[in-house]
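Q: Below is one structure. I have some questions about it.
Computed from the coordinates by the stated procedures, all read-outs in this text should not be read as laboratory data. This one's a predicted model, so the numbers in the text were calculated from it and none came from an experiment. Every residue, glycine among them, receives a Cβ derived from its backbone with ideal geometry; neighbour counts consider all protein chains shown.
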Amino acid sequence: MTLSRRHFLASAGLAGGVFLAGASVPALARAPLASAPTVGALRRKVGSIEVTALLDGYIDLKSELFIGLVDAEAGRLAEASFGKPGPRRTPVNAYLVNLGDRLVLIDAGVSDGRGPALGHLPAALQAAGVAPDQVDTLLITHMHPDHINGVLTSAGEALFPHAELVVTATDYAFWHDDANMNQAPDEAKPFFTGARRAAAAYADRLRQVDGEREAVGSIRTVPLPGHTPGHAGFIVESDGDTLFIWGDVVHMATYQFARPDWSIAFDVDSKLAAETRKRTFDRVAADRMLIAGMHLPFPGFGHVARDGQTYRFVPAEWAYEL
Ligand SMILES: [Zn+2]
């Protein structure tokens, strides 16, 4: 006997009807909304090295924070990205690089205890199967709170008991200069105290690097001045593959690929930051280099395409090679 499709559908319908008529099934998924991002940890290979993107959380950026922003154009760009009007939400990412003989965490997010939006890096690290005491090196793109505060516990102690802390000498000098701190507006003073507190907790294992040279293992420092004087990116190379983790070249992908001249109020030198952004876009577009960024849509891997005088972020296809 064969069961025709029509016959099958008829019996399925009958069975379904009986089931629905006879049962009152309570919903099982009655769970409160988490109102926070899920743990974010996404791994890919770069040559024979593993890089894991880790999500610390997110920040909402109001349009007033962008220097040079034109409202009408910002609205058009948001609409073209299928975004809502209003503040733009941007993630805070960090990247764990397993060199094989060394675990390097590039940036560390914000610290714990900052409300539901931020401070999830420890959970993401745990999801990636790594305990803080396994991290050998903390490599910091710049000493802003959303990059360096996460090296501390909420009590202000070193979260990574065995890791050296590597910062650029230029950033270290800038944030430790009392004249700079005294000149800074009140709302910027916590940036100085935060940078100093993090550096002090690792004082006995602090290393400073500068210029375009090896920072740790095969990871090379690339100066990207402007956002902060010592702001840097890191190039990871392995078996002919390259990944350029560029820190804060971009704070909001929706705006700044189309308008690299729009800087953010957190820039120490917004004009230089814009020049660095454009130069970096040109370099990675010409070299077809895989990039990742701390404020690019998580996991933040992608490429930059150049369309005449403007640019586009092309998120990387998901990939993992065993
Ligand atoms: Zn940042």
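Q: If you take every residue apart from G129 with its C-beta less than 14 Å away from the C-beta of G129, what net charge results, scoring Lys and Arg +1 and Asp and Glu -1?
A: Details: positive: R43; negative: E50, D133.
Net local charge, G129 excluded: -1.
Q: Where in the stretch 38-77 is the amide nitrogen less than 17 Å from a point lying 7 Å along the Cα-to-Cβ axis of M289?
A: Residues 46-47 fall inside that zone.
Q: Could you order peptides 44-57, 71-84 by the average number of other Cβ atoms within 10 Å of their residues, highest first?
A: 44-57, 71-84
Q: Separation between the S81 and E212 pseudo-spin-labels, each 7 Å from Cα along Cα→Cβ, expressed in nm?
A: Roughly 2.8 nm, to one decimal.
Q: So, in the chain, how many Lys pairs have Cα atoms under 26 Å apart, if the pair is 8 or more places apart or on different chains? Before the final figure, lay out each step's value.
A: Working: K62/K84; K62/K189; K62/K271; K62/K278; K189/K271.
Taking the Cα cut-off of 26 Å, the pair count is 5.
Q: Next up: Only bridges whose two residues both fall in the stretch 147-292 count here: according to DSSP, what percent of them are antiparallel, nearest 5? Intermediate results must be reported in sequence, preceding the final value.
A: Numbers: 13 of 20 bridges.
Of the beta bridges lying entirely in the stretch 147-292, close to 65 percent run antiparallel.
Q: Only loop residues by DSSP count here, and only those with at most 13 other Cβ atoms within 10 Å; note down the GluC sites (Glu not before Pro) in the stretch 153-224 that meet that.
A: On the way: sites: E157, E164, E187, E212, E214; in loops: E157, E212.
Of the GluC sites (Glu not before Pro), the ones in loops of the stretch 153-224 whose Cβ has at most 13 other Cβ atoms within 10 Å are E157, E212.
Q: Report, in whole Å, the centroid distance computed from the Cα atoms of the stretch 287-322 and the stretch 230-262.
A: If we compute the Cα centre of each part, the gap is 9 Å.
Q: Sticking with this structure for a sec: Pick from V284, V236, V222: which is most flexible by mean-square fluctuation in a GNM of the chain where alpha carbon atoms under 10 Å apart are linked?
A: The residue that fluctuates most here is V284.
Q: Starting from the Cα of D178, step 7 Å along the direction of its Cβ; do the same at D241; then give the gap between the two resulting points in nm.
A: 5.0 nm
Q: Please give the residues of the stretch 278-322, grouped as numeric ranges, whose backbone N is less than 20 Å from a label point set 7 Å along the Cα-to-Cβ vector of S48.
A: Correct set: 320-322.
Q: What's the Cα-based Rg to Rh of the chain, Rh via Kirkwood? Please list the in-between numbers first.
A: Details: Rg = 23.2 Å, Rh = 21.3 Å.
The Rg/Rh ratio comes out at 1.09.
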